[in-house]
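Single-structure report; data block below.
The values are calculated or read from the model by the stated rules, or taken from the named source; none is laboratory data. Note that the structure is predicted; figures quoted are calculated from it, not measured. For neighbour counting, all protein chains shown are included, and Cβ atoms are generated from backbone atoms with ideal geometry for every residue, glycine included.
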Amino acid sequence: MKTLGLLLASLLVALLLAELGVRAFWDVAAPAVGRPAAPPTEAEGRAAAELAGTELPELHSLHELGQPGARGVHKGLPFRNNRSGFRGPEYSTVPAADVFRIALAGDSITMGTGVLEEDAYAARLEAHLNQLASGVRYEVLNLGLSGLNATQVAARVRKLGSQYAPHLLVYGYTMNDIQGPAYVSTFSGAGPARFYRYRRFLDSPSYLLRAVWPRLLALWEMSTHPVGTLEHDLHSNYFDNEAAWAGVERAFDDLAAHGGDQGVCLHLLVHTGIAQLNRLYPFLPVMEKVEAAARARGFSVTQSFPYFEGRDPTQLRLSAMDPHPNAAGHEILASALLDGLRDLPEHCWSAGPGGRPVALAP
């Protein structure tokens, strides 16, 4: 009994010291999944104010967001398409003599759901490239469209990409691009319950419990991938659902064939889902499998996770319930892609204006 008493006393002292240490050195006001997201940027605030009282329609569905010439409001911000049905200004079908044109395709992240047109990473990449340019002007066409899967992205590139004669094709790949007829989901309806599970001890008087609980929960989900979580669905479909994965491979094959037909290089930017951006991040095996499949088909690849790792996810997403990147998240994606393009082989730039190489400066 004396030994048991000593053990319990030692445990109590250890917990007390841990509690004091957390209170002194760790900001645990709330777990990352529960803290409010970063406020809108000044430009987003102005744009939202200007829309007040207008009669622009709300655009929601894939059909509405992909309509040629669409004008409306999406996620509280202005949204426009050009005559071909992709976000941004009008472009000539043939690039000007001094232009190096990049076609960037993908889903809602590429399109820029929840951010201004100029803050989507396609536009940010174009701005960065033109700051580096010398005798060459860059155009980055944003072919992204909310709701597309990998098969539909490949079809959109064939339909629109070839019309505008790009010199380089980039696919902004999101992990849910595997979704299609063969995809099996258990996640629907489980998101809110998971959100509140992480918040369970948010108001606990114990700072230690506030700090430890969400991290233990994340570790448990990472190691077990329980049914009803996105982790479970992605891992099971990527690694156990051959039919679903085959759809991604066919899309990569289609894009590779199209790139070969057009004589242009293909690059893959793997988007980071903005969750726990640390060693507990559960999707790295999925991202590595996607990269290997793309490289096997001649793509060069940029993994964006190293650019997000260690950052506060609440400052990079639209809200706790909407993980789409905000303007700051898009700037990180643009920086990651810019670095990836710097490493492209010289021949990928040889289709530039006048056939001159236009490789980026290191």
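Details
- Among the residues of the stretch 254-283, those identified as among the polar types (S, T, N, Q) and either within 21 Å of Thr151 (Cα to Cα) or more than 17 Å from the chain's Cα centre (by Cα) (or both) are Gln262, Thr272.
- Number of positions in the stretch 313-331 that are in a helix (DSSP H, G or I) and either buried (at least 20 other Cβ atoms within 10 Å of the Cβ) or of a type in the set (S, T, N, Q) (or both): 6
- All positions within the stretch 135-165 that are in contact (Cβ under 8 Å) with a residue 40 or more places away in the chain and among the polar types (S, T, N, Q): Asn142, Ser146, Asn149, Thr151, Ser162, Gln163
- Odd one out for Ser236, checked against (1) under 29 Å from Glu331 (Cα atoms); (2) modelled with pLDDT of 75 or more; (3) surrounded by 14 or more Cβ atoms within 10 Å (Cβ to Cβ): (1)
- Helices (runs of 4 or more DSSP H) fully within the stretch 96-195 counting 3 or more residues that are over 27 Å from His63 (Cβ atoms): 121-132
- Among the residues making up the stretch 80-90, those that are in contact (Cβ under 8 Å) with a residue 12 or more places away in the chain, surrounded by fewer than 19 Cβ atoms within 10 Å (Cβ to Cβ) and either assigned to a loop (DSSP other than H, G, I, E, B) or out of contact with any Asp or Glu (no Cβ under 8 Å at 6 or more places or on another chain) (or both) are Asn82, Arg83, Ser84, Gly85.
- Leu132, sole failed condition from (1) buried (at least 24 other Cβ atoms within 10 Å of the Cβ); (2) over 29 Å from Ala182 (Cβ atoms); (3) in contact (Cβ under 8 Å) with a residue 60 or more places away in the chain: (1)
- Taking the stretch 284-312 as the range and being in a helix (DSSP H, G or I), charged (D, E, K, R) and within 17 Å of the chain's Cα centre (by Cα) as the test, the residues that pass are Glu288, Lys289, Glu291.
- Within the stretch 59-79, the residues that satisfy the criterion of being part of a strand (DSSP E or B) and under 17 Å from Val115 (Cβ atoms) are Gly72, Val73, His74, Leu77, Pro78, Phe79.
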